Amino acid sequence: MPVGLQSGHTGVIAGYAVEGHIPAGDVLRLIAERPLAAGIAVQGARFAGMEIGRRRNAYVVTLFGPAGRSAFAHY
């Protein structure tokens, strides 16, 4: 996992690393599109996807791999 993208929730799905609270729709999109990447991660959002009863935090799902990093989705 690249520096700065680590969290306490890591998985591997269809050969991609999935790091953090990634929305299910983004995981399905990743699998359908099959980009040349190592995986997706949420950085800098401690409670991304867990805002029940709290103010919703803005965050970016980052695609990372051999070509570097890019935004995969914005919330």
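Side notes on the structure shown:
- Approximate spin-label separation Val3-Ala67, in nm, with each point projected 7 Å along Cα-to-Cβ: 2.5 nm
- Highest-first packing order for the peptide set 25-31, 60-66 is 60-66, 25-31, based on the mean count of other beta carbon atoms within 10 Å.
- Subtracting the Cα-Cα distance of Ala58 and Ala14 from 0.36 nm times their residue separation leaves 13.1 nm of extension gain.
A short reminder: the numbers here are calculations on the coordinates, not readings from a lab. Not measured: the values here are computed from a predicted model. Using ideal geometry, Cβ is built from the backbone for each residue, glycine included, and neighbour counts are taken over all protein chains shown.
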